[in-house]
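Accompanying notes for the structure given below.
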């Protein structure tokens with residue numbers, strides 16, 4: 001499973017016209033794609049999902065990978081957000097397919113398609129994101145606590161939750177990047193002292209996570225090194 005939210009891959013897609021290249025990738029939840037009507041157009045006019053009055057020919061989704069399949073015919077994984085699940089399919093083998101694991105949070109920009117009544121996504125761009133960004137976008141497309149109409153009380157509560165999410169994102173970013181830097185700085189050859197690193201990190205959870213993920217290791221009790 002890939003962690004850290006730093007990997008972004010873009011794929012060459014089917015031939016398109018200049019007008020297609022300007023199509024908006026609408027931020028949407030999976031439920032809207034699944035429940036929308038798939039409209040097929042002629043020629044170069046792109047097919048689209050009719051969701052309410054919105055014609056969605058490109059989507060901007062976030063979700064977590066809950067299943068994967070890699071066989072001789074195709075590669076695909078199942079993306080789930082808080083509203084539903086949808087398949088993301090590759091019709092050409094991608095060496096990069098292996099970098100995404102079950103449990104990864106991803107942002108997908110791609111085109112909705114339908115075959116035998118089943119809707120799926122053909123990806124253009126796939127980017128790893130942190131869980132906080134997933135939560136933030138879910139608030140944006142679903143509304144706070146799943147309520148579309150925002151009363152002043154709900155709006156205030158959403159702002160508090162979003163602020164907490166952003167604080168967690170910043171904290172995670174500092175931890176994941178800086179703690180390794182602390183260890184490298186303190187390590188003069190025989191490892192960095194655990195207590196000194198903890199003093200800088202101010203939280204032993206990040207140290208435990210880094211140890212579990214194999215990013216750092218103890219060369220002996222109380223001494224840390226970067227792998």
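The values are calculated or read from the model by the stated rules, or taken from the named source; none is laboratory data. Every value quoted in this text rests on a predicted model; they were computed, and no experiment measured them. Reconstructed Cβ throughout: ideal geometry from the backbone, glycine too, with neighbour counts over all protein chains shown.
What pairs come out if I take residues in region 134-145 that are within 17 Å of residue 106 (Cα to Cα) and pair them with residues that are part of a helix (DSSP H, G or I) and modelled with pLDDT of 80 or more whose C-beta lies under 9 Å away, six or more apart or interchain?
141/32
Taking the conditions exactly as written (more than 19 Å from residue 129 (Cα to Cα) and surrounded by 19 or more Cβ atoms within 10 Å (Cβ to Cβ)), does residue 56 satisfy them or not?
The answer is yes for residue 56.
Does region 58-80 contain any residue that is closer than 20 Å to residue 24 by Cβ, at pLDDT 90 or above and part of a loop (DSSP other than H, G, I, E, B)?
Within region 58-80, none of the residues are closer than 20 Å to residue 24 by Cβ, at pLDDT 90 or above and part of a loop (DSSP other than H, G, I, E, B).
Tally time: how many residues in region 92-117 are exposed (fewer than 14 other Cβ atoms within 10 Å of the Cβ) and modelled with pLDDT under 80?
5
With the requirement that a residue be over 11 Å from the mean Cα position of the chain (by Cα), assigned to a helix (DSSP H, G or I) and within 30 Å of residue 45 (Cβ to Cβ), what does region 94-141 give you?
Once the filter is applied, which keeps residues that are over 11 Å from the mean Cα position of the chain (by Cα), assigned to a helix (DSSP H, G or I) and within 30 Å of residue 45 (Cβ to Cβ), region 94-141 yields 140, 141.
From the list 141, 179, which residue is at pLDDT 70 or above, closer than 30 Å to residue 28 by Cβ and surrounded by 13 or more Cβ atoms within 10 Å (Cβ to Cβ)?
Only one candidate passes the filter, namely 141.
Does residue 83 meet the test of being under 25 Å from residue 141 (Cα atoms) and part of a loop (DSSP other than H, G, I, E, B)?
So residue 83 fits the description; yes.
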